Amino acid sequence: MLSILQGLSVTLQVTCLGLLFALPFMFICGVAQYLATGFARLAVTALIEFWRSSPVIVLLFVFYYSLPAFGITLPAVLVGSMVLGLNAGGYASQAVRAALQGLAPGQVEAGRSLGFRRLPILLLIELPQALPIMMPSFINQFIQLLKGTSLVSLIMLTDMTFRAKEIAQVTYDPAGVYSGLLLSYLIVCYPITRLGRWVEGRVARSQGAAHAI
């Protein structure tokens, strides 16, 4: 298992870079889908659904193996991070949209009565209230992003899954090696899962207290 964990640095690198794609994508698209109407909303929805509905493995192959045929060559780390990040961001954008839509309409009306324009209302009133509601979904998507890094071995990145394949080919013990790989992912993901449950509990308690008031 220690040999497998040597690929952890690549796994974490892809995860962190993936977040750099996921975070702006989910906020921009989620807010745009919430605010936009007509063709603009349709265009944003189409973009979100492209990244949500397309299989990750196919997107990895297209961006890494097919684009060079058109003279575009992207580094494997960039491809893996972008595909996984935008896929996770597409799902998380729906948490952003749903959280904003779930707020009482009176929040916007109160902001307008105070003389605020639409953008300050969004930034100062709506998003601060919606963010705690989004957090459990964000953490779940982060876990999915971390687990999804196992696919980047298909584009020759030496992550934990790639290391496990190499070891299995040498030792001829796929059962033991992949069991070690499974345990490695559990060790990495379990603390984040516990954090997600803790956040969900805190959000539920805070919402319950707010309703009681």
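The values are calculated or read from the model by the stated rules, or taken from the named source; none is laboratory data. Computed from a prediction, not measured in an experiment: that's the story for all the values here. A quick note on method: Cβ atoms are made from the backbone with ideal geometry, for glycine too, and the neighbour counts reach across all protein chains shown. When the accessible area is computed, the model is the full protein with side chains, heavy atoms only, and any ligands, DNA or RNA have been set aside. Shrake-Rupley method; radii C 1.70, N 1.55, O 1.52, S 1.80 Å.
Structure summary
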read-out: Filter result for L103 (open to solvent by less than 60 Å² (accessible area, probe 1.4 Å), closer than 25 Å to Y34 by Cβ, in contact with a helix residue (DSSP H, G or I) (Cβ under 9 Å, 6 or more places away or on another chain) and not in a helix (DSSP H, G or I)); value: yes
read-out: Exclusive hit being at pLDDT 90 or above, open to solvent by 30 Å² or more (accessible area, probe 1.4 Å) and either under 26 Å from E200 (Cβ atoms) or part of a helix (DSSP H, G or I) (or both), set R112, R97; value: R97
read-out: Segment 49-84 - residue that is at pLDDT below 95 and among the polar types (S, T, N, Q) and, of those, least open to solvent (accessible area, probe 1.4 Å); value: S54
read-out: Leading residue by the ranking (nearest to the chain's Cα centre (by Cα)) among those in segment 151-178 that are touching a residue at least 40 places away in the same chain (Cβ under 8 Å) and open to solvent by less than 10 Å² (accessible area, probe 1.4 Å); value: V152
read-out: Pair list, Cβ under 9 Å, 6 or more apart: segment 59-86 residue free of Cβ contacts under 8 Å to residues at least 12 places away in the same chain, other residue assigned to a helix (DSSP H, G or I) and of a type in the set (V, I, T); value: V62/V83; L67/V79
read-out: Residue that is farthest from the chain's Cα centre (by Cα), among those in segment 1-57 that are among the aliphatic types (A, V, I, L, M) and not in a helix (DSSP H, G or I); value: M1
read-out: Meets criteria (closer than 23 Å to S150 by Cα, modelled with pLDDT of 95 or more and open to solvent by less than 80 Å² (accessible area, probe 1.4 Å)) for A22; value: yes
read-out: Which numbered condition N87 fails, given (1) modelled with pLDDT under 90; (2) more than 18 Å from A36 (Cα to Cα); value: (1)
